[in-house]
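To keep things clear, I will list the structure first and then write my remarks on it.
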Number of protein chains: 2
Amino acid sequence: MPLTMPMTMNDVWDLYREELKRVESQIHADLKSDVQLIDTISSYLFNSGGKRFRPLLLILASRLAGYEGDGHIELASVIELIHTATLLHDDVLDEASLRRGNKTARILWGNQASILVGDYLYTKAQCNIVSFRNHEINEIVAETTRRMTAGELAQLSVNCDLQITEDEYLEIIGNKTAALIAASCRIGAILADCPEDRKDNIESFGWNLGIAFQLTDDTLDYVADGKKLGKSIGKDLQEGKITLPLLSLLQRCSEDEANKIEKIVQLYDFTEENLELIVKLMQRYGVIDYSLARARGYVEKAKKSLLSFKDSMPLQALFAVADYVVDREL
Amino acid sequence: MPLTMPMTMNDVWDLYREELKRVESQIHADLKSDVQLIDTISSYLFNSGGKRFRPLLLILASRLAGYEGDGHIELASVIELIHTATLLHDDVLDEASLRRGNKTARILWGNQASILVGDYLYTKAQCNIVSFRNHEINEIVAETTRRMTAGELAQLSVNCDLQITEDEYLEIIGNKTAALIAASCRIGAILADCPEDRKDNIESFGWNLGIAFQLTDDTLDYVADGKKLGKSIGKDLQEGKITLPLLSLLQRCSEDEANKIEKIVQLYDFTEENLELIVKLMQRYGVIDYSLARARGYVEKAKKSLLSFKDSMPLQALFAVADYVVDREL
């Protein structure tokens, strides 16, 4: 493929299909257990889709940094186990009934099993990580999972709090989302044993991409999707999560409108009518476009982190992934 | 103190009070965080009592094996963080309202915060462990936490299942309880860098002690305690946990009595009257004495694991702890 043609996300899936298939086999091998309930629930989870976004980034980052070995497959699997563990606990916390269009594990097997299988996936991931006997990888994974949990707790602490600042919001999404994406990228670089500044650049790519990813998610939560009938709008707000679109709206709307929004949030009065009102105000004040532009800003920042790398297939692929993060569902 | 006088548990607390105080300070230092909710909940948890049984064992094992450094304080703290993390999740799973006579965190701050602070304590413990950069310790901690979660899941799988065998029961309590106690002991030995067979002996002490500990807990659950008014009897059974006293009772009682018990369990019909009936049958068939004798058997096995160690203060202390485990609340 000529490197002058920008790569698309479909090209990326095609080019890395074989490696992602190996990750998939690795995940299944990692989850073999003599406890039936672990097999049943984990098979369900890992056969319910999921783009393997973090494994893909780990693979691409390792290749960009010049890694030629095989360890990236096992570590990519481990990152997906950790990610899935957090989803299981998130679904219990949010009392979610659906994920990716399928019933959540907590609906099918209950909260107890979901909490414990989450714990199991996480501890199994730890077993596989430490078996690599690489202190740098041990430390980044431990610190990342600590940050993720701290981020979730910080988010819980500001539930329904309209006074939170944009910086506080950005810190929360940094910890709860960007940290694991940044770690996936840095682990790829660590595997390649490249110089520290290159590791930092690759990690910075992941961090900014992670922020863009969560900003986009938080924005799309307020956008109706013609393809998905019945998609509920404002799900985050219903769970008390105050995200960038709402914070931006409060900065732009009139005092009367702000008071109305405050009242809705304080009373948990999330009727369809009230949510529609908020979405209409967001459209009127250009908040959706603004939030997506902010996300695109982080994508550009991510790409700039990789300026010092010479052109290559993994570099083009990382650029394609970066663009895809913001434009995926529009 | 002359070594010919058997040490009592009170002697042990006195002799190791200073080191346990250092563990306590370490725990508080480890839990400093910029998320208020983490500080609030963890202060509550770590100020609500708890005997620091696992930290004590880690300290004693390290001293028995000849360790003279300071690393055991930090690792003892880490083990207590992991133990507390499992208690937080256990209380959510069991919908418990009281622990050690205090309201559980889930009653005061909700299930969400309890799940997340459990995750936080666990991930923070991981950070501190890997910072030791000792592969052997990393691996035993990761494998132990994996086993603990697998044990909890296995227990959930056989909820209310009267067909479970004694071996299956012993495997479950081995994983969910003995594994962490055994690991606490082995980590002490690893710190001392003693020969493999000594590490194995010390770990075996912990494993057998852990089984004795859980057997005793499971038995005392069916024993009324005059000191604690209002102590509910048969709490485990009410949560669907089938333990040794009930399994032994089913082996000894008449077919009619067994049918009655099966019916009670199948219908979740745990009225006070039915629980009293079961306790009375246990007394009649000597099941409580039998179960405690089994626990004492494991204590003796634990002590025998340490036969090759020459007499010393930590050895006498470990023996005192071992006896205390079975006789603590009778």
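Is region B:118-135 home to any residue that is farther than 19 Å from A:Asn138 by Cα, buried (at least 18 other Cβ atoms within 10 Å of the Cβ) and more than 8 Å from chain A (Cβ to nearest Cβ)? Yes: one or more hits.
The criterion of at least 2 residues that are more than 15 Å from the chain's Cα centre (by Cα) and of a type in the set (D, E, K, R) is met by the following helices (runs of 4 or more DSSP H) wholly inside region A:50-152: A:105-130. Go through region A:24-49 and give me each residue that's part of a loop (DSSP other than H, G, I, E, B) and crowded, with 16+ Cβ neighbours inside 10 Å. Once the filter is applied, which keeps residues that are part of a loop (DSSP other than H, G, I, E, B) and crowded, with 16+ Cβ neighbours inside 10 Å, region A:24-49 yields A:Leu31, A:Ser33, A:Val35.
Yes/no matrix, rows are residues, columns are (1) at pLDDT below 95; (2) in contact with a strand residue (DSSP E or B) (Cβ under 9 Å, 6 or more places away or on another chain); (3) more than 15 Å from A:Met282 (Cβ to Cβ):
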position: A:Tyr169; (1), (2), (3): no, no, yes
position: A:Ile172; (1), (2), (3): no, no, yes
position: A:Ala178; (1), (2), (3): no, no, yes
position: A:Phe205; (1), (2), (3): no, no, yes
position: A:Ile211; (1), (2), (3): no, no, yes
position: A:Lys227; (1), (2), (3): yes, no, yes
position: A:Ile233; (1), (2), (3): yes, no, no
position: A:Gln238; (1), (2), (3): yes, no, yes
position: A:Leu249; (1), (2), (3): no, no, no
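All told, B:Val92 falls short of being aliphatic (A, V, I, L, M), out of contact with any Lys or Arg (no Cβ under 9 Å at 6 or more places or on another chain) and at the interface with another protein chain (Cβ under 10 Å from one of its Cβ atoms). Being of a type in the set (A, V, I, L, M, F, W, C), more than 16 Å from A:Ala85 (Cβ to Cβ) and modelled with pLDDT of 95 or more: is that true of B:Ile79 here? Answer is yes for this residue. Would you tally the residues in region B:139-158 being within 18 Å of B:Glu239 (Cβ to Cβ), aliphatic (A, V, I, L, M) and more than 7 Å from chain A (Cβ to nearest Cβ)? Summing the residues that are within 18 Å of B:Glu239 (Cβ to Cβ), aliphatic (A, V, I, L, M) and more than 7 Å from chain A (Cβ to nearest Cβ) in region B:139-158 gives 2. For A:Asn175, the requirement of being out of contact with any Ser or Thr (no Cβ under 8 Å at 6 or more places or on another chain), crowded, with 19+ Cβ neighbours inside 10 Å and without any contact (Cβ under 8 Å) to a residue 24 or more places away in the chain is not met.
The criterion of at least 2 residues that are touching a Cys at 6+ places or on another chain (Cβ under 7 Å) is met, among helices (runs of 4 or more DSSP H) falling completely within region A:153-247, by A:196-220.
Can you report the number of residues in region B:159-200 which are of a type in the set (Lys, Arg) and within 14 Å of chain A (Cβ to nearest Cβ)? Number satisfying all stated conditions: 1. Of the residues making up region A:95-115, those that are among the charged types (D, E, K, R), surrounded by fewer than 18 Cβ atoms within 10 Å (Cβ to Cβ) and either in contact (Cβ under 8 Å) with a residue 40 or more places away in the chain or within 10 Å of chain B (Cβ to nearest Cβ) (or both) are A:Glu95, A:Arg100. Here B:Ala142, B:Ala183, B:Ala189 are screened, and the one residue that is buried (at least 23 other Cβ atoms within 10 Å of the Cβ), of a type outside the set (Lys, Arg) and without any contact (Cβ under 8 Å) to a residue 24 or more places away in the chain is B:Ala142. Is it the case that some residue within region B:56-77 is within 12 Å of another protein chain (Cβ to nearest Cβ) and either touching a His at 6+ places or on another chain (Cβ under 7 Å) or within 30 Å of A:Tyr169 (Cβ to Cβ) (or both)? Checked region B:56-77: no residue is within 12 Å of another protein chain (Cβ to nearest Cβ) and either touching a His at 6+ places or on another chain (Cβ under 7 Å) or within 30 Å of A:Tyr169 (Cβ to Cβ) (or both). From the list B:Leu318, B:Leu281, the lone residue that is modelled with pLDDT of 95 or more and either more than 24 Å from the chain's Cα centre (by Cα) or over 21 Å from B:Leu56 (Cβ atoms) (or both) is B:Leu281.
The values are calculated or read from the model by the stated rules, or taken from the named source; none is laboratory data. Worth saying up front: this structure is predicted, and the values here are computed from it rather than measured. Counting neighbours? That spans all protein chains shown, and the Cβs are built from the backbone with ideal geometry, glycine included.
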